[in-house]
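The values are calculated or read from the model by the stated rules, or taken from the named source; none is laboratory data. As the structure is a computational prediction, the values presented were derived from the model and not from experiment. We place every Cβ from the backbone using ideal geometry, glycine too, and count neighbours over all the protein chains shown. The accessibility values were calculated without ligands, DNA or RNA, using every heavy atom of the protein model including side chains. Shrake-Rupley method; radii C 1.70, N 1.55, O 1.52, S 1.80 Å.
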Amino acid sequence: FAMNMTRGKYSGELKIGASTTIAQYILPMILARFISKFSLVKISLFNGNSNDIENALMNHKIDLGLVEGDKRLNNLKYTHLVDDELIAITSTHSVYKNTEELSIEELKKVPLVLRENGSGTLSVFLSALEKHGVKINDLNLVMQLGSSESIKMFLENSDTVSVVSFRCVSKELRQGIFKVIELPQIEMNRKLDFVQLQGEEENLSSVFMQFAIHEIKDI
């Protein structure tokens, strides 16, 4: 695969948009490897939530997007990159540090800090709750923040619980900063996907997609 990819002398500009979790925890490693092999390609990165990325693509502000969540627009083409899982976490210093699991009824009562509206992470969490007849207004929502990093800092300084991607807290879980609280009634698996305009021809976007799908196996 690597030999085939490097045979082409690719050059030009590629404008990529990525939702927050992907932009912070997955894409930098792929970009570093891509640029080292294709030094003539100039890449710019736009960061926003999944709705922002899809809108930027439809408005031709970016060439290729990467989104999370479970909502799919009919006028866009989605290509799977990697699976992801959402988990509930709290600080190991919070009043919930000894809580091992929460039922849905218990989850409705604990103070939650969640991602902002338009976030793919929030969309997946709310979709999982809706299967049990629970809506966002049923939750004890104390704060919504625009990034996983903001949520992590908030959690470290409060007695709250959040739902985030496992990928964004794997290091802190190993370090003992956060702990997982099981939600046995709720399944929150999701897909992280590339998104393109329908009918896109083979171009730099296709090259980057092929490269990323190959490299993600090692990340």
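Summary of computed values
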| quantity | calculated |
| --- | --- |
| Criterion: open to solvent by less than 70 Å² (accessible area, probe 1.4 Å), in a helix (DSSP H, G or I) and either within 19 Å of residue 18 (Cβ to Cβ) or of a type outside the set (S, T, N, Q) (or both) - qualifying residue of 208, 194 | 208 |
| Pair list, Cβ < 9 Å and 6+ apart or interchain, from segment 188-212 residues that are of a type in the set (Ser, Thr, Tyr) to residues that are open to solvent by 30 Å² or more (accessible area, probe 1.4 Å) and at pLDDT 90 or above | 205/63 |
| Residue that is under 21 Å from residue 170 (Cβ atoms) and touching a residue at least 12 places away in the same chain (Cβ under 8 Å), where the choices are 58, 29 | 29 |
| Where a residue in segment 140-152 is under 15 Å from residue 120 (Cα atoms) and in contact (Cβ under 8 Å) with a residue 40 or more places away in the chain and its partner, wherever it lies, is surrounded by 17 or more Cβ atoms within 10 Å (Cβ to Cβ) and of a type in the set (Val, Ile, Thr), with Cβ under 8 Å and at least six apart | 146/20; 147/20; 148/20; 148/21; 148/121; 148/164; 148/169 |
| Tabulated pairs, segment 38-53, first touching a residue at least 60 places away in the same chain (Cβ under 8 Å) and surrounded by 19 or more Cβ atoms within 10 Å (Cβ to Cβ), second acidic (Asp, Glu) and part of a loop (DSSP other than H, G, I, E, B), C-beta under 9 angstrom, 6+ apart or interchain | 49/68; 49/116; 50/68 |
| Condition broken by residue 121, with the remaining ones in (1) in contact with a strand residue (DSSP E or B) (Cβ under 9 Å, 6 or more places away or on another chain); (2) under 14 Å from residue 159 (Cβ atoms); (3) not basic (Lys, Arg) satisfied | (2) |
| For residue 159: the one exception among (1) over 20 Å from the mean Cα position of the chain (by Cα); (2) open to solvent by less than 10 Å² (accessible area, probe 1.4 Å) | (2) |
| Residue among 68, 85 that is surrounded by fewer than 16 Cβ atoms within 10 Å (Cβ to Cβ) and under 25 Å from residue 211 (Cα atoms) | 85 |
